[in-house]
Amino acid sequence: MYRSLLYLLAFTCFISCKSKTENVASKVDLPPNIVLIFTDDQGYQDIGVFGSPNILTPNIDQMAKDGVKLTSYYSAQPICSASRAGIMTGCYPNRIGIHNALGPGSPVGINANETTMAEMLKAKGYKTAIYGKWHLGDDQKFLPTRHGFDEWFGIPYSNDMWPHHPWQGTVFNFLPLPLYENETVIDTLEDQSQLTTRLTEKSVDFINRNKDNPFFLYVPHPQPHVPLFVSDKFKGKSERGLYGDVIMEIDWSVGKIIEALQKNGLEDNTMIIFTSDNGPWLAYGNHAGSALPFREGKGTAWEGAQREPFVIKYPDKLTPNRTLDTPIMAIDLLPTIAEVTGAQLPNQTIDGVSVWKVLTGESTKSPQEAYFFYYRVNELMGVRYGKWKLYFPHRYRTMNGQEPGKDGLPGEYRMVDMTEIELYDVTQDVSEIKNVAAQHPEVVEKIKNLADGMRAQLGDALTDVIGSENREPGKLD
């Protein structure tokens, strides 16, 4: 009897241990989940860990302590649709024909021949969802559910493209702002104060439903793009006014998503990224963010337009509490995620390169020789090369010396013509104050040669060069 009991206990232990071992092995074998949180028009300084003096962001700050903070990360362009095209495809937006911010009823959108991050991961067996703003075309053929996403809840373009725009009736005649559930308009929005909360609830529910298979969760918040909206739970909570309230609610959302990962035992095997599409819309004054210490903001090629806060956390693979100053760009995220997940890269040419070795600390050098700053319709305005940032002659906008906007109404920009090449050491002169082009002619010549190489590929409207590798956007039939 005693011996039989021992055999039974041993057998039970064997089965239990075997089950636990297999469970651990299966968890280890699963490719990582990917969570990409993407805000709209957020400035570099609008987060505590990036220097905000008056906006509390404890969840993002903790995420930086648990992960890696990048201080020289660039969005793909300084404007909504182009920026999203870059991060979703790994291409310079002008390569795939997406320029500026697409309006409602746009005749163009993302081409079905392009491979989005969602399509790349879906082919690897991932469940995919987007909760938030799409802005790569609002015709049915351009919607996210036609480009790799299993689920969508959100808006098709910017939240100011609605009848309450301050220029409605003079410059614009927008129709009501639609709220989509997959491919169905379920409402039109008059009050956006619950949108951040609803997107967060959808994200948490998606994590709960997909805890047993790999997933890609994309959360492109419509905020803090104007008009600003916040729920009652954060209204009046910030020392920075309504703008700060909005950022605090986004930080709360980040915390809820991380909490859902923790509750489902997914935190260690999830790569979670927080960043923004471009810098602050400075014309809106107290309803705009801050890009300090960088120069200018959204809609320019200066550092304040595309140098964005970026935090990445992946406990299984990334050593925590590190800060990296190596330049990388949004176009590099798709190939980096492909390397980490084992997904197949798109068949068509992309511009991004995996920066996984930079993120792990194996290398401190960007795998890209240079980054190119296009804006408007294919205008090559600047180049980042090592510690240098060079600007070619172009026209840009500034609020310097202008009356700022207030409480949701914009101020008026002043236009400036840059007539000569300008060069800055953006590692020492982060605010781009001292033009040193005359002191470094060899650097200017090197960057000009790099720019000529890129012009041959993608063209440049400023110099009337036609590129040989530009692809067409999707078009309505």
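Data overview
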read-out	value
Filter result (over 24 Å from Pro367 (Cα atoms), open to solvent by less than 10 Å² (accessible area, probe 1.4 Å) and not small (Gly, Ala, Ser)) within the stretch 79-125	Cys80, Ile98, Ile110
Sole residue being open to solvent by less than 10 Å² (accessible area, probe 1.4 Å) and more than 18 Å from Pro410 (Cα to Cα), chosen from Ala291, Ala260	Ala260
Phe216 buried (at least 24 other Cβ atoms within 10 Å of the Cβ), under 21 Å from the mean Cα position of the chain (by Cα) and modelled with pLDDT of 95 or more	yes
Residue satisfying condition, being within 23 Å of Phe50 (Cβ to Cβ), buried (at least 19 other Cβ atoms within 10 Å of the Cβ), basic (Lys, Arg) and out of contact with any helix residue (DSSP H, G or I) (no Cβ under 7 Å at 6 or more places or on another chain), within set Arg322, Arg384	Arg384
Selected residue (criterion: farthest from Glu420 (Cα to Cα)) from residues of the stretch 458-477 that are open to solvent by 60 Å² or more (accessible area, probe 1.4 Å) and out of contact with any Leu (no Cβ under 7 Å at 6 or more places or on another chain)	Asp477
Neighbours by Cβ (under 6 Å, 6+ apart or cross-chain): first from the stretch 231-257, closer than 20 Å to Leu409 by Cβ; second among the basic types (Lys, Arg) and surrounded by fewer than 23 Cβ atoms within 10 Å (Cβ to Cβ)	Asp245/Lys235; Asp245/Lys237
Verdict on Ala76 being assigned to a loop (DSSP other than H, G, I, E, B), open to solvent by less than 10 Å² (accessible area, probe 1.4 Å), aliphatic (A, V, I, L, M) and at negative phi	yes
Residue check for Leu282: closer than 22 Å to Arg198 by Cβ and modelled with pLDDT of 95 or more	no
Conditions (1) closer than 30 Å to Pro32 by Cβ; (2) open to solvent by 10 Å² or more (accessible area, probe 1.4 Å); (3) touching a residue at least 12 places away in the same chain (Cβ under 8 Å); (4) of a type outside the set (Phe, Trp, Tyr); number of the one not met by Ile207	(2)
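The values are calculated or read from the model by the stated rules, or taken from the named source; none is laboratory data. The structure displayed is predicted, hence computed values, not measured ones. Neighbour counts are summed over all protein chains in view; Cβ atoms, including those assigned to glycine, are modelled from backbone coordinates with ideal geometry. Protein only, heavy atoms only, side chains kept; ligands, DNA and RNA dropped before computing areas. Shrake-Rupley method; radii C 1.70, N 1.55, O 1.52, S 1.80 Å.
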